[in-house]
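Below: one structure, written as structure tokens.
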Amino acid sequence: MKSISETDLILNPDGSIYHLNLRPEDIANTIITVGDPDRVEVVSKYFDKIEKKVSKREFVTHTGYIGNTRLSVISSGIGTDNVEILMNELDALVNVDLSTRTVKQAHTSLNIVRIGTSGSLQESIPVDSYVVSKRGIGFDALGHFYPTTTSSFSEAVQAQMNLDFLSYTSFGSQKLYDLLFDNKNPLYFEGNTVTCPGFYAPQGRVLRYSPKQENLLQKFNQFSFQGNVLTNLEMETAGYYLFGELLGHEVLSMSAIVASRMTHQFSKNPEKHTESLIQQVLEKITML
Ligand code: R1P
Ligand code: URA
């Protein structure tokens, strides 16, 4: 079997993987990811026991237990460029034999739940609600480098929004959606989530310049295709879903809505709102 070269799969002298600084035994098969490294502790403080803490750059990992369930929480930092590193290295930790540098015969599928923050694109999705993403629509460049299938959804986005580039569309895990979407809570919304390669102009924010894409927020807000509207903006989901599909992992992105871009409201307590989503996920994730 073909061995992966030392520069394609870089290991640190202690055998850990290059950026995450983790060895295979350091991670659980169920992983919560967050953008903000400080949010790792907000998740792991609910663990009954923490067995490992590792950090390097923006990638902070805590692994431990809630009851008998082993869990890891890892921060990615901001953006799909970080998600690309995180997902490739997590996959290598479980699906590549690091001693022989060969792909393992048996495939391990991880359960990965992103808990992040986001801005809503529809007045009907208020501040302090939650969006669980069915689809990620990637406005970033990752789709140009990995196999993605042409999507009628992305083609409709390009045509209706008059864009000079094609986004990529990827889907979340139905298994995790069924477990974690709370049908009884009216503050839960199903999402078609736009993943942006920036926080300002790519999300329709205007500071000291005239953006190249005019009226971007209105275009996001007014888009409709086969009964689907665009629900929210953030910076990681489509990347996670691309790698979930490509590498065979169950991935779900859940967002605490901290900004309503249509009504211009910002949450009075975004940390509390995000922690409430963390609590709701942790209550159910042990059922996996
Ligand atoms: C921007 O403020 C960041 O917040 C959102 C975006 O995706 C981006 O990473 O997620 P996190 O709160 O998880 O970082
Ligand atoms: N995160 C984003 O990326 N956008 C927002 O508006 C809020 C949080």
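The values are calculated or read from the model by the stated rules, or taken from the named source; none is laboratory data. A quick note: this is a predicted structure, and the numbers were derived from the prediction, not measured. Here Cβ is always computed from backbone atoms with ideal geometry, including for glycine, and neighbour counts include all displayed protein chains. Just so you know, the surface numbers come from the protein's heavy atoms only, side chains and all, with ligands and any DNA or RNA stripped out. Shrake-Rupley method; radii C 1.70, N 1.55, O 1.52, S 1.80 Å.
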If you bin every alpha carbon distance in region 50-131 into 5 Å steps from zero, what whole percent lands in each bin?
3, 11, 16, 18, 18, 16, 9, 5, 3, 1, 0
For a test of the definition: using alpha carbon positions, the gyration tensor, and the 1.5 limit on a/c, classify region 57-105 as rounded, prolate or oblate.
oblate
Within the chain, longest stretch free of exposed GluC sites (Glu not before Pro) [DSSP loop, at most 15 other beta carbons within 10 Å]
7-122
Hey, what do the phi angles of region 137-154 turn into as Karplus ³J(HN,Hα) couplings, whole Hz, using 6.51/-1.76/1.60 and θ = phi - 60°, x for Gly and Pro?
10, x, 8, 8, 8, 4, x, 7, 10, 10, x, 10, 8, 5, 10, 5, 5, 5
What share of Cα pairs, in percent, lie more than 35 angstrom apart in the chain?
17 percent
Using the heavy atoms of the protein chains alone and a 1.4 angstrom probe, what is the accessible area of region 1-106 per residue in square angstrom?
49 Å²
Can you give the percent of C-alpha pairs in region 144-288 whose distance is more than 22 Å?
46 percent
Can you tell me the FRET efficiency between Thr7 and Lys53 if r is taken as the Cβ-Cβ distance and R0 is 35 Å, rounded to the nearest 0.05?
0.75
Answer with one residue from Leu207, Asn269, Cys196: the one whose Cα lies farthest towards the positive end of the charge dipole of the chain, charges on Cβ with Lys, Arg +1 and Asp, Glu -1.
Asn269
Residue-by-residue Karplus 3J(HN,Hα) for region 65-71, coefficients 6.51, -1.76, 1.60, Hz, glycine and proline x
10, 10, x, 8, 8, 8, 9
Which of the residue pairs Lys52/Lys272; Lys134/Lys184; Lys56/Lys104 have a Cα-Cα distance greater than 21 Å in the structure shown?
Lys52/Lys272; Lys56/Lys104
Which semi-axes, in whole Å and largest first, does the equivalent ellipsoid of region 1-110 have when worked out from the alpha carbon gyration tensor as the square roots of 5 times its eigenvalues?
24, 16, 12
Net charge dipole size for region 24-285 [Lys, Arg +1 and Asp, Glu -1 on Cβ; Debye, nearest 20]
260 debye
Find out how many positive minus negative residues lie around Asp128, taking Lys and Arg as positive, Asp and Glu as negative, among other residues whose Cβ is under 10 Å from that of Asp128.
+2
Find, among the trypsin sites (Lys or Arg not before Pro) in region 158-264, those assigned to loop by DSSP (not H, G, I, E, B) with at most 12 other beta-carbon atoms within 10 angstrom.
Lys184, Arg208, Lys212
Output ³J(HN,Hα) for region 115-131: one whole-Hz value per residue in order, computed from phi by the Karplus curve 6.51 cos²θ - 1.76 cosθ + 1.60 with θ = phi - 60°, and x for Gly and Pro.
10, x, 10, 6, x, 8, 9, 10, 4, 6, 10, x, 4, 6, 9, 10, 10
